[in-house]
Amino acid sequence: MDELINDFIAETRDMLQALSGAIVVWEAHPGDRERLDEIFRFVHTVKGNCGFFDLPRLELLSHAAEGALAEVRAGGRVADTRLVNAVLAVIDRIGELVQALETGENVASEDDEQLIAALAGNSAAEAVPEALAAPEPESRKAVRSIRLSVDLLDRMMNGVSDAVLARNELARRLRDAPRDVAVETAFERVSACIAEIRDGITRTRMQRIDSLFSGLPRMVRDLAAELGKQVRLEADGGDVELDREMIEMIRDPLTHIVRNAIDHGIESPADRAAASKPKAGTLRVSARQAGNQILIEVADDGRGIDGDALLRKARAAGLVSAEQADRMTAAQKTALVFMPSLSTAEEVTAISGRGVGMDVVRANIERIGGVVDVDSKLNQGVRLCIRVPLTLTIIPALTVSVDGQVFAIPRSAIDEILRAGGATVRIDRVGEAEVATIRDRRVPLVALAALLGVETRAERAEQKLILLKPAGGDVYALAVDGVHDHEELVVKPAAPAVMAAGLYAGTTLADDGSPILLLDPSGVAKCAGISFDESELERALLAPAAEAEATRETTLLLFRALSGACRAVPVALVERIEDVAAEAVRFSAGKLRVAVGGRILPLAGCEAAPATGKLRILRLTDGVGELAYGFAEVIDIRAVALDVQPAPAPGEVAGVALIDGLQVETLDPYWLFAAHRDAVEASEAQPVCALPEGDPWMDNMLRPMLESLGYRIVAARDGVAADILIQSAEAADGTASAAQILRIRSRPEAEEGGDSIYRYDRAGLLSALSRGAVKGGANG
Amino acid sequence: MAELLLIARLAGRRIAFPASMVEAVVELEGLTPAPRAAAHVAGLSALRSRVLTVIDGLASLEFGRSGEGGLREAIVVPWDGHNYALMVDEVEDVVEAVAPPTPIKAPLGAGWDRVAIGMVEAGGGLILLVDPHLLIAGPAAHAA
């Protein structure tokens, strides 16, 4: 609304200015029809506009003038001096009122009626022109403003940027030349002037944040009406100024946040009444400046974000491991709202789905060098705080070089800068990829030179590593030849043909006037293939939580199997490596077994007992039982971040991973122990849970949970006996027998008369399973 | 008023650009490569405080790439909010068109067909009139 008013004021003032000539002419020649028409059009327009804004005084005045002038136009009245004076007095008053609107002053209103009466030809108002001639109060604020085209401003900005560059050039020349105090003093003055001009021009790019807030009341009203909620909007700090472009960049994220708050945050009046809150929710949007940052806060007093619900979803989606979940603070749980593809809303509504898009909101804010924080108290409300730099065009950046060419990196994305050859850094080549280990933290390494397809001039050990945390992505290290300087850079968008590379965020100019490309950290990650794209994300959703974190590593024992294949098994599972005599291996009781250390262990990894010689075995343990695995030779022990391509069917081999450029088959210890279960020498009775085969959800999500509860997992095949049998409610087939059957459904809605439990109903599952565990333990 | 034409040489041919689309003719100082940008982008250069995206005219026609080094003459073409420098072999002259451009009935050969507006009688001969925006857009934009 404020913006419209400002337009109205500016337009009216422009018209008044244009009209001033006509007024003078009309005053001299009241019969001049053309001038009369011009003035009539003016009052008519003002009157029309006033109707919009609820400005009764202006409307009354312009209406009266319009009426009088219409009479003259129709020939019903002659434009005598008195009428001309009266009309001019009204027009002057309109000017005063419009100015007052802008400055927020009051104009005495008591003589409005006199002015109107004068128009009507009432002789009582004869004295009006004299009254108007009275000197204006000195205190009136002078309004000095003009409207400029943005093009002109941009040209001025460019001119100033040129001047800054020229100054820098001159400064360099002066440093090289013999010292001359007089010249230096003059130069200092020029420098100071240019800095001041630059400052002023920068300020012309500023706009009141009002223009961002002005759309909110209507949006809030419409949304609330649509959703049947009552929302009171409080906007504050509209006079904070922000870079024009910045305002445009914030518009969408802010809209999204406000929509979310109304849709999901603020409850229906009935719910609010039940929670003994005022019926109408309050949404507070405020802006303020803090240093060289602008804070925009959106706070509601709704139900808040349920951090635990978010965490459950994140766990279920495999985005957070159990270990991480345990360590999470309430704030971290709430911040999960920014994770891609998480939504606490059970159903995504037409308005928004909280979470769906919050990751986009954050990415958008971070793209302009901002930060967004969320703070939530359950049932008390959510406070979202956006912090953005004052201006979009000046970005603090670090300049780096590779192959002699300088690039800039936005400082907001930089975590740390290290020497590649430093003591805290280790770089391993894993297949074709490189992994940097920095103080036990493993991050993918991207060589900028290789990515750009240029030569590097430095050895890897002499290079610098820049740890980057792109918006919405994972940390990675960027190897560059050199790190130069922190600079404040004026960044401009690059041409589409350059942006097509996907690596750049824009261009800027160095002090010497040469162009520099600003790297886009998330674009670099994407080009290097280390970011999560959609399909990877989907895979992460299906993969067990432990593997969802791409950079998480396992220490593996690499060995050559008897078949010659290169295989790996987690070192943690290997109890010891032993050589046994061939005679110790026997096919007995339907299985290959090996006698070792006075015990008989089931033997896997070989088809038949070796004829002669020795057999080397791995003694694997799951903490309870043991089994032996025959193999040929140990290759190495490596700690690697595993990216396992799963095998088509469950079996001895879980899948294949790339380690040191070799295809390595990773053993599936679960399968091994499950397959040899009946023969595994168990030290104590464990409850047994039979799990249907081939259900990825059961294998990957449920299984770790069951195991953590102390269950031994067996495949639910014909004739398998178990303490508890898990069945899918959708595909129930009772082939295994069990003391208890737990039916799990994949849809939240219960089917009729069903006793099944929803798969993400953790509490329900846990209670059913712990009953089973106790029973199983008691039976055993 | 007859249209003003900027006559230049590109890939050994004389061509004309509508002068109204050209802001300036410059000699490029320094060229910053833009790795992995579109193939017809030679790099970036600066004109005072403005960044110019330098387009290799030869590459845009898919005739190869311009050689390294030497003075590079380029025409500055502002388009869609960005400033482009279109590298040509040589800028010859600015002349008035004798007559409006006429369509060409014969195939011009690969590359030229994509960027031609028509042919125009100017400077004592018939010259191919080229749309600098199409040269800037490059071969990929056409394919899309």
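Here the Karplus relation 6.51 cos²θ - 1.76 cosθ + 1.60, evaluated at θ = phi - 60°, turns the backbone of region B:34-46 into coupling constants of 10, x, 6, 6, 3, 4, 8, 8, 7, x, 10, 9, 10 Hz, with x for every Gly and Pro.
Taking the fewest neighbouring Cβ atoms within 10 Å as the starting point, the ordered list for B:H40, A:H63, A:H486 is A:H486, A:H63, B:H40.
Couplings 3J(HN,Hα) for region B:77-91, derived from phi with the Karplus relation 6.51 cos²θ - 1.76 cosθ + 1.60 (θ = phi - 60°), are 10, x, 8, 6, x, 10, 10, 10, 10, 9, 6, 10, 5, 6, 9 Hz, where x marks Gly and Pro.
Within region B:1-95, the proportion of Cα pairs with more than 16 Å between them is 53 percent.
Taking a ≥ b ≥ c as the square roots of the eigenvalues of the Cα gyration tensor, region A:49-91 is oblate, since a/c reaches 1.5 or more and a/b is not larger than b/c. Here the calculated FRET efficiency for A:N158 and A:L709, from their Cβ-Cβ distance with R0 = 56 Å, stands at 0.25, rounded to the nearest 0.05.
With θ taken as phi - 60° and the Karplus curve 6.51 cos²θ - 1.76 cosθ + 1.60 applied, the whole-hertz 3J(HN,Hα) list for region A:631-636 is 8, 8, 8, 7, 9, 5 Hz, x standing for glycine and proline. For region A:208-389, the equivalent ellipsoid derived from the Cα gyration tensor has semi-axes of 25, 22, 14 Å, listed largest first. For region A:552-679, the square roots of the Cα gyration tensor eigenvalues, ordered a ≥ b ≥ c, give a/c of at least 1.5 with a/b greater than b/c, which places it in the prolate category. Counting beta carbons within 10 Å around each of A:L445, A:L319 and listing the fewest first gives the order A:L319, A:L445. The packing ranking of peptides A:404-414, A:757-767, B:97-107, highest mean first, is A:404-414, A:757-767, B:97-107, where packing means the average number of other beta carbon atoms within 10 angstrom of each residue.
Could the peptides B:131-138, A:327-334 be put in order, highest first, of the mean number of other beta-carbon atoms found within 10 Å of their residues?
Details: B:131-138: 21.4, A:327-334: 14.9.
Final packing ranking: B:131-138, A:327-334.
Between A:D474 and A:Q289, the C-beta separation translates, for a Förster distance of 45 Å, into a calculated FRET efficiency of about 0.85. Averaged over the residues of peptide A:507-514, the number of Cβ atoms from other protein chains lying within 10 Å of each residue's Cβ is 4. With a Förster radius of 60 Å applied to the beta-carbon distance between A:L170 and A:R586, the computed FRET efficiency rounds to 0.05.
How far is the Cα center of region A:409-458 from the Cα center of region A:7-42, in Å? Their Cα centres are 71 Å away from one another. Remark: the A:L227-A:A763 segment gains 189.8 nm on full extension, using 0.36 nm per residue and subtracting the alpha carbon distance.
By the gyration tensor of its Cα atoms, with a ≥ b ≥ c the square roots of the eigenvalues, what is the shape of region B:8-57: rounded for a/c under 1.5, prolate for a/b over b/c, or oblate? It comes out oblate by the Cα gyration axes. Taking amide hydrogens as placed 1.01 Å from N in the peptide plane, the amide H of B:L108 sits under 5 Å from those of B:D113, each at least 5 positions away in sequence or on another chain. Region A:396-527: percent of C-alpha pairs farther apart than 17 Å? The answer is 56 percent, as a whole percent. Between amide H atoms placed 1.01 Å from N, distances below 5 Å from A:A510 occur with A:I516, all of them 5 or more places distant or on a separate chain. Given their separation in residues at 0.36 nm each and the Cα-Cα distance between them, A:Q17 and A:R251 gain 80.8 nm when the chain is fully extended. Working from label points 7 Å from Cα in the Cα-to-Cβ sense, the A:I637 to B:E23 distance is 6.5 nm. Between amide H atoms placed 1.01 Å from N, distances below 5 Å from A:C606 occur with A:G630, all of them 5 or more places distant or on a separate chain.
With both labels modelled 7 Å from their Cα along Cα-to-Cβ, the A:R327 to A:E416 distance reads 1.4 nm. Taking 28 Å as the limit for the C-alpha separation, the pairs A:K313/A:K526; A:K333/A:K492; A:K333/A:K464; A:K333/A:K469; A:K591/A:K614 exceed it in the case of A:K333/A:K492; A:K333/A:K464.
Compared with the direct C-alpha span, the chain from A:D373 to A:D239 gains 46.0 nm at full extension, assuming 0.36 nm per residue.
Bear in mind these aren't lab numbers, they're just calculated from the coordinates by the rules spelled out. Model, not experiment: these values are computed from the prediction. Cβ sites come from the backbone with ideal geometry, for glycine too, and all protein chains shown count toward neighbours.
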